[in-house]
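The values are calculated or read from the model by the stated rules, or taken from the named source; none is laboratory data. The shown structure was predicted, so the numbers you read here are calculated from the model rather than taken from an experiment. Neighbour counts are summed over all protein chains in view; Cβ atoms, including those assigned to glycine, are modelled from backbone coordinates with ideal geometry. SASA here: full protein model, heavy atoms, side chains in, ligands and nucleic acids out. Shrake-Rupley method; radii C 1.70, N 1.55, O 1.52, S 1.80 Å.
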Amino acid sequence: MHQEPLLEIYGVCNLSVVPVKIEPSDKSEIGTQLLFGELFTILNKSQDGKWVYIEIVQDQYKGWIDSKQYEPVSKEYFTEFQKLQWPVCKDVMGVIQGNGKYFPILMGSTLPFYNNGTVIIGKNILRFDGEAQFINHTPDLKFLERTAKFYLSAPYLWGGKSHFGIDCSGFTQQVMRFCGKQLPRDAYQQAECGFKKPYSERLPGDLAFFHNAHGTVVHVGILLDQNLIIHASGEVRIDALDENGIFNKEKNTYTHKLSSINQIF
């Protein structure tokens, strides 16, 4: 691919949610999403300048975003951003306003340089209307369960990670992030985190992984107790779990075949 000189090498998401594509095309599938306040490095640009290839700082996921959907930031901003952990939006929706703009942001969005209700995006000081919450690095199971259940009925969306569309690994990544654990983006990557344990030793808060007919991990969920799992399948829902996998009582069938149980905490 022809490479254009990179005049900007750092960026931050300045919109509610931005799709991160597998290929530099509007028709490409979404690999993940950027939520407001997420930081990234710019690795490349498309020849026509319409797309930039990025690596998200939070989980090192790489993909393409529209060149009109981010705010370039300086090296100084990029460096200072990473020195501290900033709070996130706790509400299903908060509001950002300033510079003639007024728009919602979603639960889990980062609030860079948060100070008494203001955030800084690039050179812009904006006001945040909502509840800010710092990441809980000493979570208990009640906090994890409460956070996970807050996503109940969120519709399934491949590559999504918000209440308005989320996939299985986006769900576990977001919930675990609130609990102070940063996971990779995809289920097969998350399956390498923590340590595997026998099914008989499973505990609430463990992650359960599921594989397809080829043995590839394709699904993940969070154990609420030894026999219940919360996961994104059609929507974020709670189903029964046993040694065979996830049993959907409404369909009276197993929908996912158990691969492993991993303890993350």
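For the reader, a short list of remarks on this structure follows.
- The set of residues in the range 221-234 that are open to solvent by 10 Å² or more (accessible area, probe 1.4 Å), under 19 Å from I166 (Cβ atoms) and in contact with a Lys or Arg (Cβ under 9 Å, 6 or more places away or on another chain) contains only L224.
- Unique match (being at pLDDT 95 or above and open to solvent by less than 50 Å² (accessible area, probe 1.4 Å)) among Y70, Y114, Y102: Y70
- Single condition G180 does not satisfy, out of (1) open to solvent by 10 Å² or more (accessible area, probe 1.4 Å); (2) small (G, A, S); (3) farther than 21 Å from L35 by Cα: (3)
- Taken over the range 124-177, the residue count meeting the criterion of being in contact with a helix residue (DSSP H, G or I) (Cβ under 7 Å, 6 or more places away or on another chain), under 17 Å from G37 (Cα atoms) and surrounded by fewer than 20 Cβ atoms within 10 Å (Cβ to Cβ) is 1.
- Scanning the range 235-265 for residues that are closer than 23 Å to F178 by Cα and either open to solvent by 60 Å² or more (accessible area, probe 1.4 Å) or modelled with pLDDT under 95 (or both) yields E235, I238, I264, F265.
- On the stretch given as the range 23-67, residues that are part of a loop (DSSP other than H, G, I, E, B), surrounded by fewer than 16 Cβ atoms within 10 Å (Cβ to Cβ) and more than 16 Å from the chain's Cα centre (by Cα) total 10.
- All positions within the range 190-233 that are more than 18 Å from A154 (Cβ to Cβ), among the polar types (S, T, N, Q) and either touching a residue at least 60 places away in the same chain (Cβ under 8 Å) or touching a helix residue (DSSP H, G or I) at 6+ places or on another chain (Cβ under 8 Å) (or both): Q190, T216
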